[in-house]
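Working notes, beginning with the structure itself.
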Amino acid sequence: AQSVTQLDSQVPVFEEAPVELRCNYSSSVSVYLFWYVQYPNQGLQLLLKYLSGSTLVKGINGFEAEFNKSQTSFHLRKPSVHISDTAEYFCAVSEGTGRRALTFGSGTRLQVQP
Amino acid sequence: ETGVTQTPRHLVMGMTNKKSLKCEQHLGHNAMYWYKQSAKKPLELMFVYSLEERVENNSVPSRFSPECPNSSHLFLHLHTLQPEDSALYLCASSHLRQGGFTEAFFGQGTRLTVV
C-alpha cells in the first residue's frame, strides 16, 4: 500500500531565505510523485511532478524537488521564498501498478515572515 | 470554460436537507474523485471513478452518495448529514494510464456547513 509522510506540519521562514519541505513515501512498486500548493479557501494547484527520467524536477513559482529512490524521499525546495509563498503544501503519490488514486500527505504549512 | 468547476462554492444545509454537489471537468480526463478536507486533518479520499466505474470507496457513510453519469460530470448527493460533515469538499480529475494515475487537477471546492 502507498503512503506519504510529511515530517513538518509547520515551517516558519524569513522572506528571501531558502526553504525545504520534506516528504517521504512508502510503496513497494514504482511511483509517480507530486507536490501541490493550496492557498486559503482554494483548491489544490499542482506545483511539480515526477513521473520518470531526471530525478530533479522543476516546477512553477521557482520550486524544485528531487526524487531519491534509495531514501524514498521527494523533498521540495526553493532557494529564496516570498511572502506570497505562504500556503499549505501537500506531497502526493500514485502507485505505478494497480488502480490506487493519489494518496496525500497531511500537509506542511509554510509561513513566510518579513 | 476550462479546468475543473465545482458548484456551489458555499452551501449551508440543515441535517434533514437533501442537496447535491456538482463537478464538471473540461480536460478530457477519464478519472474523477471526491476528497474531503476538514480542519487540521489530512485530505481524505472519498470516491474514485475511472471510466465512469467506481473503483474506490473508502468507507464513506451512506449519507454521501456519488454519481458519475459520464466522464465529464461527477455529483455528490447529500442527505441527513451531521455537523461533523462540515468541510471543504474537493473534486478532482486526472487520467488513468498504464503507469498509474497522472496528476490530479482540482476544482475550487465547495465549503459545506451543516447546521
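The values are calculated or read from the model by the stated rules, or taken from the named source; none is laboratory data. Small disclaimer: the values here were computed from a predicted structure and weren't measured. Note: ideal-geometry Cβ built from the backbone for every residue, glycine included; neighbour counts use all protein chains shown. Only protein heavy atoms, including side chains, enter the accessible area calculation; ligands, DNA and RNA are left aside. Shrake-Rupley method; radii C 1.70, N 1.55, O 1.52, S 1.80 Å.
Scan the range B:58-73 for residues that are closer than 17 Å to B:Lys19 by Cα, surrounded by fewer than 19 Cβ atoms within 10 Å (Cβ to Cβ) and touching a residue at least 24 places away in the same chain (Cβ under 8 Å) and jot them down.
B:His73
What pairs can you find where one residue is in the range A:62-78 and small (Gly, Ala, Ser), the other is part of a strand (DSSP E or B), and their Cβ atoms are less than 6 Å apart, with a gap of 6+ or different chains?
Cβ pairs passing all conditions: A:Gly62/A:Lys78; A:Ala65/A:Trp35; A:Ala65/A:Leu48; A:Ala65/A:Val57; A:Ala65/A:Phe74; A:Ala65/A:Leu76; A:Ser73/A:Asn24.
Mind listing just one residue for me: the one in the range A:19-45 that is outside any strand (DSSP E or B) and within 15 Å of the chain's Cα centre (by Cα) and, of those, surrounded by the fewest Cβ atoms within 10 Å (Cβ to Cβ)?
Here the answer is A:Tyr39.
Can you pull out the residues in the range B:87-101 that are surrounded by fewer than 21 Cβ atoms within 10 Å (Cβ to Cβ) and more than 7 Å from chain A (Cβ to nearest Cβ)?
Of all residues in the range B:87-101, those surrounded by fewer than 21 Cβ atoms within 10 Å (Cβ to Cβ) come to B:87-88, B:95-99.
Matches in the range B:87-101: B:Ala87, B:Leu88, B:His95, B:Arg97, B:Gln98.
For the range B:12-55, enumerate the residues that are among the acidic types (Asp, Glu) and farther than 30 Å from B:Val115 by Cβ. Reasoning before the result, please.
The initial filter retains those residues of the range B:12-55 that are among the acidic types (Asp, Glu), namely B:24, B:44, B:52-53.
The answer is B:Glu52, B:Glu53.
Looking only at the range B:10-31, which residues are within 10 Å of another protein chain (Cβ to nearest Cβ) and at pLDDT below 95?
Let us first name the residues in the range B:10-31 that are within 10 Å of another protein chain (Cβ to nearest Cβ), namely B:10, B:31.
The one that is within 10 Å of another protein chain (Cβ to nearest Cβ) and at pLDDT below 95: B:Ala31.
Tell me, which residue of the range A:42-61 that is more than 14 Å from chain B (Cβ to nearest Cβ) and free of Cβ contacts under 8 Å to residues at least 12 places away in the same chain is farthest from A:Ser28 (Cα to Cα)?
A:Lys58
Look at the range B:103-115 and say how many of its residues are facing another protein chain (nearest Cβ under 7 Å) and part of a loop (DSSP other than H, G, I, E, B).
Total satisfying the criteria: 5.
Could you list all residues from the range A:88-102 that are open to solvent by 10 Å² or more (accessible area, probe 1.4 Å), more than 7 Å from chain B (Cβ to nearest Cβ) and at pLDDT 75 or above?
A:Glu88 - this is the single residue of the range A:88-102 that is open to solvent by 10 Å² or more (accessible area, probe 1.4 Å), more than 7 Å from chain B (Cβ to nearest Cβ) and at pLDDT 75 or above.
Within the range B:57-73, can one find any residue that is within 11 Å of chain A (Cβ to nearest Cβ), within 22 Å of A:Thr103 (Cβ to Cβ) and in contact with a strand residue (DSSP E or B) (Cβ under 7 Å, 6 or more places away or on another chain)?
Going residue by residue through the range B:57-73, those that are within 11 Å of chain A (Cβ to nearest Cβ) are B:58.
Cutting the leftovers down to within 22 Å of A:Thr103 (Cβ to Cβ) gives us B:58.
Those left that are additionally in contact with a strand residue (DSSP E or B) (Cβ under 7 Å, 6 or more places away or on another chain): B:58.
Yes, because at least one residue in the range B:57-73 is within 11 Å of chain A (Cβ to nearest Cβ), within 22 Å of A:Thr103 (Cβ to Cβ) and in contact with a strand residue (DSSP E or B) (Cβ under 7 Å, 6 or more places away or on another chain).
Out of (1) more than 14 Å from chain A (Cβ to nearest Cβ); (2) assigned to a strand (DSSP E or B); (3) open to solvent by 40 Å² or more (accessible area, probe 1.4 Å), the odd one out for B:Leu76 is which?
(3)
Can you name the number of the only condition in (1) exposed (fewer than 12 other Cβ atoms within 10 Å of the Cβ); (2) farther than 22 Å from B:Arg97 by Cα; (3) touching a strand residue (DSSP E or B) at 6+ places or on another chain (Cβ under 8 Å) that B:Leu51 fails?
Just one mismatch for B:Leu51, condition (2).
Take the residues of the range A:33-45 that are touching a Phe, Trp or Tyr at 6+ places or on another chain (Cβ under 8 Å) and closer than 21 Å to B:Ala39 by Cα: which is modelled with the lowest pLDDT?
Among those that are touching a Phe, Trp or Tyr at 6+ places or on another chain (Cβ under 8 Å) and closer than 21 Å to B:Ala39 by Cα, it is A:Gly43.
Looking at the range A:29-68, which of its residues are of a type in the set (Val, Ile, Thr) and under 30 Å from B:His10 (Cα atoms)?
The initial filter retains those residues of the range A:29-68 that are of a type in the set (Val, Ile, Thr), namely A:29, A:31, A:37, A:55, A:57, A:60.
Of everything in the range A:29-68, those that are of a type in the set (Val, Ile, Thr) and under 30 Å from B:His10 (Cα atoms) turn out to be A:Val37, A:Ile60.
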